[in-house]
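Quick notes on the structure that follows.
The values are calculated or read from the model by the stated rules, or taken from the named source; none is laboratory data. Please read these numbers as outputs of a predicted model, since none were measured by experiment. In this analysis, Cβ positions are derived from the backbone assuming ideal geometry, glycine residues included, and neighbour counts consider all displayed protein chains.
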């Protein structure tokens, strides 16, 4: 989807850079990048540096940067371009486990506004700094997430957890993931990264389970999981609403 949008708008000066935030690196992102066949830069961020530098707390989010390297819109919800003809990107099992039924039920409630977002993006590509959607530096700062000492410590715990995971120290990483979740509770990317590394089931859907198994729920190391946490906050609050 993003490749099609890039092909459409690249002649007008837009370049898209997609970034997969995954401590597993190529092992976690390769199949999705290869399936998309991107012609634009496609990067992998093993330590979630985008979260630290730009305030990314969920996916998909985007940052608009102009030709001078100035941010004109900080990290915000960026739904995929609408395409009613797009086929599902994942083959689902014929008999879906109840956990996935519940996940898909909650996911269906997540609110997005792709039409408004992509109309604004096209307006910016056409009009540049004169676009009503290109924010002033003062507005960008006002919309950016503040960084206090607690949040900074949370990012440090997450970076340490990611490196421990990369180095094969999974049990030690869990404790630092927990600290990151506690100190930066608004970050769904921090939560989902940790949850995806726990695979209580086998098979290609294991990374998407993101919760305890029915057979051994006591082995799940985290207080939350995708289904219980999204129900707690309400699926309608999962993504921040896009604001012009």
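Kindly indicate whether residue 172 is touching a helix residue (DSSP H, G or I) at 6+ places or on another chain (Cβ under 9 Å), at negative phi, in a helix (DSSP H, G or I) and surrounded by 15 or more Cβ atoms within 10 Å (Cβ to Cβ).
When the stated conditions are applied, residue 172 does not pass them.
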Worksheet item: Identify, please: which residue in the range 106-132 is under 21 Å from residue 59 (Cα atoms), assigned to a loop (DSSP other than H, G, I, E, B) and in contact with a helix residue (DSSP H, G or I) (Cβ under 7 Å, 6 or more places away or on another chain) and is, among those, modelled with the lowest pLDDT?
Response: 111
Discussion item. Go through the range 224-244 and report how many residues are out of contact with any helix residue (DSSP H, G or I) (no Cβ under 7 Å at 6 or more places or on another chain), in a loop (DSSP other than H, G, I, E, B) and under 22 Å from residue 105 (Cβ atoms).
Written reply: 4
Response to the item:
Taking the range 55-66 and keeping only residues that are free of Cβ contacts under 8 Å to residues at least 60 places away in the same chain and surrounded by fewer than 17 Cβ atoms within 10 Å (Cβ to Cβ), one is left with 60, 65
Discussion item. Considering only residues that are under 18 Å from the mean Cα position of the chain (by Cα) and under 25 Å from residue 155 (Cβ atoms), which ones fall in the range 209-222?
Written reply: 210, 211
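Just to be sure before I move on: is residue 210 without any contact (Cβ under 8 Å) to a residue 12 or more places away in the chain, in contact with a helix residue (DSSP H, G or I) (Cβ under 9 Å, 6 or more places away or on another chain) and farther than 24 Å from residue 54 by Cα in the structure I sent? Talk me through it step by step, then tell me what you get.
Numbers: without any contact (Cβ under 8 Å) to a residue 12 or more places away in the chain: no; in contact with a helix residue (DSSP H, G or I) (Cβ under 9 Å, 6 or more places away or on another chain): yes; farther than 24 Å from residue 54 by Cα: yes.
Criteria not met by residue 210.
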Worksheet item: Can you name every residue in the range 44-56 that is in contact with a helix residue (DSSP H, G or I) (Cβ under 9 Å, 6 or more places away or on another chain) and not in a loop (DSSP other than H, G, I, E, B)?
Response: 44, 45, 49, 50, 51, 52
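Quick one: in the range 186-202, of everything that is part of a loop (DSSP other than H, G, I, E, B) and either within 15 Å of the chain's Cα centre (by Cα) or in contact (Cβ under 8 Å) with a residue 12 or more places away in the chain (or both), which residue is surrounded by the fewest Cβ atoms within 10 Å (Cβ to Cβ)?
Result: 186.
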Worksheet, complete the sentence: When (1) modelled with pLDDT of 95 or more; (2) surrounded by fewer than 13 Cβ atoms within 10 Å (Cβ to Cβ); (3) part of a loop (DSSP other than H, G, I, E, B) are applied to residue 14, the one that fails is (2)
Item to complete: Kindly provide the set of residues from the range 27-42 that are touching a helix residue (DSSP H, G or I) at 6+ places or on another chain (Cβ under 9 Å) and either more than 26 Å from residue 184 (Cα to Cα) or at pLDDT 90 or above (or both), ordered by number.
Response: 33, 36, 37, 38, 39, 40, 42
Worksheet item: in contact with a strand residue (DSSP E or B) (Cβ under 9 Å, 6 or more places away or on another chain), part of a loop (DSSP other than H, G, I, E, B), at pLDDT below 95 and under 20 Å from residue 32 (Cβ atoms): does that describe residue 59?
Response: yes
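Of these, 181, 157, which one is surrounded by 19 or more Cβ atoms within 10 Å (Cβ to Cβ) and either in a loop (DSSP other than H, G, I, E, B) or without any contact (Cβ under 8 Å) to a residue 40 or more places away in the chain (or both)? Step through it out loud before you land on a result.
Details: 181 fails: either in a loop (DSSP other than H, G, I, E, B) or without any contact (Cβ under 8 Å) to a residue 40 or more places away in the chain (or both).
When all the criteria are applied, what remains is 157.
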Worksheet item: Are any residues in the range 37-47 under 17 Å from the mean Cα position of the chain (by Cα) and surrounded by 15 or more Cβ atoms within 10 Å (Cβ to Cβ), and if so, which ones?
Response: 42, 44, 45, 46, 47
